[in-house]
Amino acid sequence: YEKRYTFLMKEQSDLLTAKQQILEMIKKINKTTTDLFIETFNKVNNEFQIMFKDLFGGGSAKLVLTDEDDILEAGIEIIARPPGKKLQSISLLSGGERTMTAVALLFSLFKVKPSPFCVLDELDAALDDANISRFVSTLKNFIKESQFVIITHNRQTIAEASVIYGVTMESKGISKIVSMQFSDFEKKSA
């Protein structure tokens, strides 16, 4: 029995040591993750505040953590105040204002961590002409670093594209993809 007891005590000691090492590693990972998250969150929040003002021509917005005591489990709330309105949660904004706020957040993320490729599906559908102009103007600042594929029906957005692709149905049930590169068209018309 003594041999068995000694063996089990050694096993228990090994398990407790391993548990302590794992807990220390988790603590270290959580600290590193928290530090990186806070750093990125603050960068995105700063860019978001600037981008929101640019897209709306004024106003203010910010990102807020829902639980600053437990950052890794906290949510993020968007607080926005378009020009002429009071500070409110994004859920209380109009469809166009929510879209422009989301665009401001998307472009803020792109400023902090550019992506080589982005697909936007009818993002401009809820926007009026003035907001589409601001959206397209801002988008042009990102096309040097990223390629955008935009699915849209808006003529103003299409007019700013360098290449368009469309789908047409010449015969019933048979779709055909058509494309036009505007730089080629401009060369032919000159």
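Taking the criterion of being small (Gly, Ala, Ser), at pLDDT 90 or above and touching a helix residue (DSSP H, G or I) at 6+ places or on another chain (Cβ under 8 Å), the residues of the stretch 60-99 that qualify are 60, 61, 80. Within the stretch 115-136, residues that are farther than 16 Å from residue 153 by Cβ have Cβ atoms under 6 Å from residues that are open to solvent by less than 80 Å² (accessible area, probe 1.4 Å) and in a helix (DSSP H, G or I) in these pairs: 134/55, counting only partners at least 6 apart in sequence or on another chain. Going through (1) exposed (fewer than 14 other Cβ atoms within 10 Å of the Cβ); (2) closer than 26 Å to residue 63 by Cα one by one, residue 138 falls short only on (1). Among the conditions (1) at pLDDT 95 or above; (2) closer than 29 Å to residue 164 by Cβ; (3) of a type in the set (A, V, I, L, M, F, W, C), residue 44 misses just one, which is (2). Is it the case that some residue within the stretch 147-155 is free of Cβ contacts under 8 Å to residues at least 40 places away in the same chain and of a type in the set (Phe, Trp, Tyr)? Within the stretch 147-155, one or more residues are free of Cβ contacts under 8 Å to residues at least 40 places away in the same chain and of a type in the set (Phe, Trp, Tyr). Right, residue 150: modelled with pLDDT of 90 or more, more than 19 Å from residue 52 (Cβ to Cβ) and buried (at least 17 other Cβ atoms within 10 Å of the Cβ) or not? Taking the combined requirement at face value, the residue satisfies it.
Rundown of residues vs (1) within 20 Å of the chain's Cα centre (by Cα); (2) open to solvent by 40 Å² or more (accessible area, probe 1.4 Å), yes/no style:
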position	(1), (2)
5	no, yes
26	no, yes
48	yes, no
113	yes, yes
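Look at residue 58 and say whether it is touching a residue at least 12 places away in the same chain (Cβ under 8 Å) and at positive phi. Judged against the criteria, residue 58 is a match.
Quick one: in the stretch 64-86, which of the residues that are surrounded by fewer than 13 Cβ atoms within 10 Å (Cβ to Cβ) and more than 20 Å from the chain's Cα centre (by Cα) is nearest to residue 47 (Cα to Cα)? Here the answer is 83.
The values are calculated or read from the model by the stated rules, or taken from the named source; none is laboratory data. Quantities reported herein were computed from a predicted structural model and do not represent experimental measurements. Using ideal geometry, Cβ is built from the backbone for each residue, glycine included, and neighbour counts are taken over all protein chains shown. Calculation scope for accessible area: heavy atoms of the full protein, side chains included, ligands and nucleic acids excluded. Shrake-Rupley method; radii C 1.70, N 1.55, O 1.52, S 1.80 Å.
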